[in-house]
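Chemist: Below: one structure in structure tokens.
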Amino acid sequence: MLVSQLTKLTLDIQGFRVGRVQGDTSGITVDIAPDRRHLLFCSRCGSAAKYRDTLKSRYFRHVPLWGIPVWLRYSPRRVRCGHCGIKVEYFPWSTGKHRFTTAFAHFLASWARLLPWKHVAQLFGCSWGTVAAAVAQMVEYGLDHQDLSNLTHIGIDEISREKGQVYLTNVYDLNTSSLVWSGEKRTKATITNFFTSLGPNKTDKLEGVCCDMWEPYAQVIREMAPKSTMVFDKFHIVRHLNEAVDQVRRDEIREKGQKHKDLVKDTRYIWLKNPWNLTDKQASRLSALEKLNLKINRAYLLKESFRQFWSYECRASAKEFLDKWFWWATHSRLKPMRNFAWMLRRKEENILSYFDMPISNGSVEGLNNKAKVISHRAYGFRSAKNYIRNLYHCMGGLPEPQIMHRFV
């Protein structure tokens, strides 16, 4: 099969024709010429337009053949549009001012899901900026054609972008486990921007919103999505409980000195792990420690008894248990456990919502780990914009433009 035939097969060139094909040490150059039988169209509005003049030749990078770079050479025509004035004509193999074809953008973007952008650029002999532009083009198209009409249950969580208090706020579709939206920082304004971009019609269709117990999140959800059921995430609640148990352990060590410190040395994870995940050695040591009159043991028993809370199927039964557990915790003479119990009491309404709508951010935690892997794979991103773009690209499940042939 000739290169010209391959070009026709892999490229949408309706209204144009393939001309001469040349090859040298820099690669293969394919000349594209206009088909005079077809109308010209404005690149901005798409309306039919009249010919004005022809510009100098431009080169567009295309998908390599057998590892050989391929360039399309074409002299764009300018047209006089009745709506937009004088503009460059529309040609279907590229968009905007990009000097590469849409097929090549799709090709690079597909590899950019698997490798760091720097490695993709090195592999295919282009610049890092070209790979970034290709990903940006695919993401821009995907966001423009994103269908959120079936978005009913979302999870909101944040991830650290770099060391220090530098966060991204991510919103996930809990039904499809895909990224819906990502924004810089972790502020009330950030989550407000999400609901604003979603729009009132789609927001009204939301049935459930799962998030942590951070009050600015809750305020915005109450104001902008009042028809949805807000559920505080069970995994964040359990994390707060584990922090309270570990605080009891640290306080007890400080109170009783070095002798007690040696007794409970290296026991942190014994108290925090699920009993069925303990090794034989850890289980044996826990059994010995339980026979001692330790505050940490009381905290551990409270933690394990709280596990029953999530087993109820009825909100009323869960509420009854929570009231009992609240009394146990507040009378335990353990300050961290009392503080945790009072936090549950203050947030009780949205914690109990779990039994009306049992959603959680369990899948979100896995997606956040994937987001961290994406950052580590690229050795970090200098700008939040590029990091967010890569998250959309790898985790958004965005639609892609139709091309003549899929290369990856």
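The values are calculated or read from the model by the stated rules, or taken from the named source; none is laboratory data. Computed from a predicted model, the values in this text were never measured in an experiment. Reconstructed Cβ throughout: ideal geometry from the backbone, glycine too, with neighbour counts over all protein chains shown.
Here is a yes/no grid of residues against (1) closer than 30 Å to Phe195 by Cβ; (2) of a type in the set (Lys, Arg); (3) in the same structural domain as Trp342 (by TED's automatic domain parsing); (4) without any contact (Cβ under 8 Å) to a residue 24 or more places away in the chain:
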residue	(1), (2), (3), (4)
His240	yes, no, yes, no
Val264	no, no, yes, no
Tyr269	no, no, yes, yes
Lys273	no, yes, yes, yes
Asn277	no, no, yes, yes
Ala283	no, no, yes, yes
Asn297	no, no, yes, yes
Trp310	yes, no, yes, no
Glu313	no, no, yes, no
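Chemist: What are the residue pairs meeting all of these: first residue in region 361-375, first residue at negative phi, second residue crowded, with 18+ Cβ neighbours inside 10 Å and basic (Lys, Arg), Cβ atoms under 9 Å, and 6 or more apart or on different chains?
Modeler: Asn361/Lys234; Gly362/Lys234; Ser375/Arg161
Chemist: Also, I was wondering about something else. Filter region 332-377 down to the residues that are aromatic (Phe, Trp, Tyr) and surrounded by fewer than 16 Cβ atoms within 10 Å (Cβ to Cβ) and list them by number.
Modeler: Of everything in region 332-377, just one residue is aromatic (Phe, Trp, Tyr) and surrounded by fewer than 16 Cβ atoms within 10 Å (Cβ to Cβ), namely Trp342.
Chemist: Give me the residue from region 97-114 that is free of Cβ contacts under 8 Å to residues at least 40 places away in the same chain and surrounded by fewer than 17 Cβ atoms within 10 Å (Cβ to Cβ) and, out of that set, farthest from the chain's Cα centre (by Cα).
Modeler: Ranking the candidates gives Lys97 first.
Chemist: Separate question: If a residue must be under 17 Å from Pro275 (Cβ atoms) and crowded, with 16+ Cβ neighbours inside 10 Å, how many such residues does region 302-331 contain?
Modeler: Going through region 302-331 one residue at a time, the tally reaches 4.
Conditions tested, residue by residue: (1) in contact with a helix residue (DSSP H, G or I) (Cβ under 6 Å, 6 or more places away or on another chain); (2) part of a strand (DSSP E or B); (3) aromatic (Phe, Trp, Tyr); (4) surrounded by 20 or more Cβ atoms within 10 Å (Cβ to Cβ).
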| residue | (1), (2), (3), (4) |
| --- | --- |
| Thr7 | no, no, no, yes |
| Gly19 | no, yes, no, no |
| Gln22 | no, yes, no, no |
| Ala33 | no, yes, no, no |
| His38 | no, no, no, no |
| Phe41 | no, yes, yes, no |
| Tyr51 | no, yes, yes, no |
| Val79 | no, yes, no, yes |
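Chemist: Let me ask something additional. Can you work out which of the residues in region 231-247 that are buried (at least 20 other Cβ atoms within 10 Å of the Cβ) and under 14 Å from Ile351 (Cα atoms) is farthest from the chain's Cα centre (by Cα)?
Modeler: Among those that are buried (at least 20 other Cβ atoms within 10 Å of the Cβ) and under 14 Å from Ile351 (Cα atoms), it is Leu241.
Chemist: Still on this structure, I have one more. Quick one: which helices (runs of 4 or more DSSP H) sit completely within region 101-214 and have at least 2 residues that are of a type outside the set (A, V, I, L, M, F, W, C) and more than 23 Å from Thr10 (Cα to Cα)?
Modeler: 117-123, 128-144, 188-198, 200-204
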